[in-house]
Amino acid sequence: MQNPVTVEVTRGKLVESRHRGLGVVVDGAGRTVFSFGDAEAGIFPRSSCKAMQALPLIESGAADSYGFGNAELAFSCASHSGEDRHVEMAASMLAKAGRDMSALECGSHWSSDQAALIHQARTIDQPNALHNNCSGKHSGFVCACVHSGTPVEGYVGYDHPLQREIRDVMQSLTGAVLSADNCGTDGCSIPTYAVPLKGLAHGFAKMLTGEGLSASRAKASRRLIDACMAEPFYVAGTGRACTKLMELAPGKIFAKTGAEGVFVAALPEQGLAMAVKCEDGTTRAAEAMIFALIARYFEKGGEIETKLLAMANRQMKNWNGVHVGDVRVTDAMFA
């Protein structure tokens, strides 16, 4: 199956670039509500599935033992910009478990957000592991290990007990069989598994609704989703797409991006979850797709739908502020 062109980028009167994509919307029972492209295709969720990976933090009892609230739980699901509050939160979480940044095995990098990068360049000589966009997730991993008495060293490894537990969690949620055969290594060094796009969306629908989950897992899942919606800054950061989406409609949208053009969202009032993948891995297209897809499920002509569609179809301006073209979603998003 050839995936449809879902996003076009224009310059002047011509289409300069086209992005193909796939997407699906499902309910808690796994019924497909809407789809485009090959929704059964296997994709690497990358960071979009961090809320799934954070479940052991709650289920082990570590989150309650260390007194973590919404901010810490949201941060355990984060792909953050490395702003000062993010760095401070990572250090604080580790300190509650009696550890520091030396326990993190995620590596370090400068922020990919321009404003945060400029601030970092002005205030530090070089970034450390706390600045890594995955330091919240990894701090949660360390805390879960310390609380359960599992060795911390090597926690990113495929055979580490924590990664085996995460693998079991993700199999349960997505319905996919996860093994070395469909495993790769993520940017932060933990295993990442290719799963059908529909399975990824269904996993979030189950986390949202609790359908098909034990009572304890359903409670932990909803706790993480609610925490992200309550503290969207800690999920991403200033001006980031995930944060903007959740701030746009507080308590009505959960959203999480992933590298290589992946985006997931869940809508509590509608009991639906969705996932999209831009075939060529472009973030701008994945964002436009998820904005438009979420808009389908809000009141037509209402404030939320109007704002979402304006985010999906936006002007591009050059450095002189001249309107030079547009990013726009195609009819494939509205079939």
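Would you mind counting up the charge near Thr32? Only other residues with Cβ under 12 Å from its Cβ, with Lys and Arg at +1 and Asp and Glu at -1.
Working: positive: Arg31, Lys198; negative: Asp27, Glu40.
Local net charge: 0.
Based on alpha-carbon centroids, what's the gap between segment 214-249 and segment 101-159 in Å, whole number please?
Centre-to-centre (Cα) distance: 20 Å.
Enter the angle in degrees (range 0 to 90, nearest 10) between the Cα long axis of helix 283-295 and the first principal axis of the Cα atoms of the chain, meaning the one along which they spread out most.
80 degrees
With a 1.4 Å probe and all protein chains left in place, how much accessible area per residue does the chain have, in Å²?
41 Å²
Exposed loop sites here are trypsin sites (Lys or Arg not before Pro) in DSSP loop states with at most 11 other C-beta atoms within 10 Å. What is the longest stretch of the chain lacking them? Walk me through the numbers before you get to the answer.
Values: sites that count: Lys13, Arg31, Lys300.
Looking at the chain, 32-299 is the longest stretch - no exposed trypsin sites (Lys or Arg not before Pro) with at most 11 other Cβ atoms within 10 Å.
Roughly how many nanometres apart are two label points built 7 Å out from the Cα toward the Cβ at Leu14 and His109?
Going by the 7 Å Cα→Cβ label model, 3.4 nm.
Grab the other residues whose beta carbon is less than 10 angstrom from that of Gly140, score K and R as +1, D and E as -1, and report the net. Mind dumping the intermediate values first?
Numbers: positive: Lys50, Lys137; negative: Glu72.
Around Gly140, the charge tally is +1.
Taking 0.36 nm per intervening residue step and subtracting the Cα-Cα distance, what contour gain separates Ala230 from Asp159 on full extension? Intermediate values should be presented prior to the final figure.
On the way: separation 71, 0.36 × 71 = 25.56 nm, distance 3.40 nm.
Fully extending the segment from Ala230 to Asp159 adds 22.2 nm.
Most fluctuating residue of Phe254, Phe298, Phe233 in a GNM of the chain with Cα springs under 10 Å: which is it?
Phe298
In nm, to one decimal, how far is the modelled label at Ala335 from the one at Thr238, with both set 7 Å along Cα→Cβ?
Once both label points are built, they end up 4.2 nm from each other.
Using helices alone, what [θ] at 222 nm do you get for the chain, with -39,500 (n - 2.57) per DSSP H run of 4 or more residues, divided over all residues and rounded to the nearest 500? Write down the numbers at each step before the final one.
Working: 13 runs with 130 residues, N = 335.
Theoretical 222 nm ellipticity from helices: -11500 deg cm²/dmol.
If you line up the long axis of helix 114-123 against the longest principal axis of the chain, both from Cα atoms, how many degrees apart are they, to the nearest 10?
40 degrees
Only Cα pairs within less than 10 Å get springs; with that Gaussian network setup on the chain, which residue of Ile43, Ile304, Ile58 has the largest fluctuation?
Evaluated over the chain, the most mobile residue of the options is Ile304.
Lone cysteines in the chain, going by a 4.7 Å Cβ-Cβ cut-off?
Isolated Cys, the chain: Cys49, Cys77, Cys143, Cys145, Cys183, Cys228, Cys242, Cys278.
Between helix 197-209 and the chain, what is the angle of the helix's C-alpha long axis to the longest principal axis, kept within 0 to 90° and rounded to the nearest 10?
Taking the Cα atoms of the chain, the angle to 197-209 is about 70 degrees.
What does the charge add up to near Gln120, with Lys and Arg as +1, Asp and Glu as -1, over the other residues with Cβ less than 15 Å from its Cβ? It would help to have the intermediate numbers written out before the result.
Working: positive: Arg85, Arg122; negative: Glu83, Asp84, Glu88, Asp113, Asp125.
Result for the neighbourhood of Gln120: -3.
Summarise the accessible area of segment 91-171 (1.4 Å probe, protein heavy atoms) by the percent that is carbon and sulfur. Each step should come with its number before you reach the end.
Working: 1840 of 3800 Å².
Carbon and sulfur: 48 percent of the exposed surface of segment 91-171.
The values are calculated or read from the model by the stated rules, or taken from the named source; none is laboratory data. Nothing here was measured: the structure is a model prediction, and the numbers come from that model. All Cβ positions, glycine included, derive from the backbone under ideal geometry; neighbour counts span all protein chains shown. Calculation scope for accessible area: heavy atoms of the full protein, side chains included, ligands and nucleic acids excluded. Shrake-Rupley method; radii C 1.70, N 1.55, O 1.52, S 1.80 Å.
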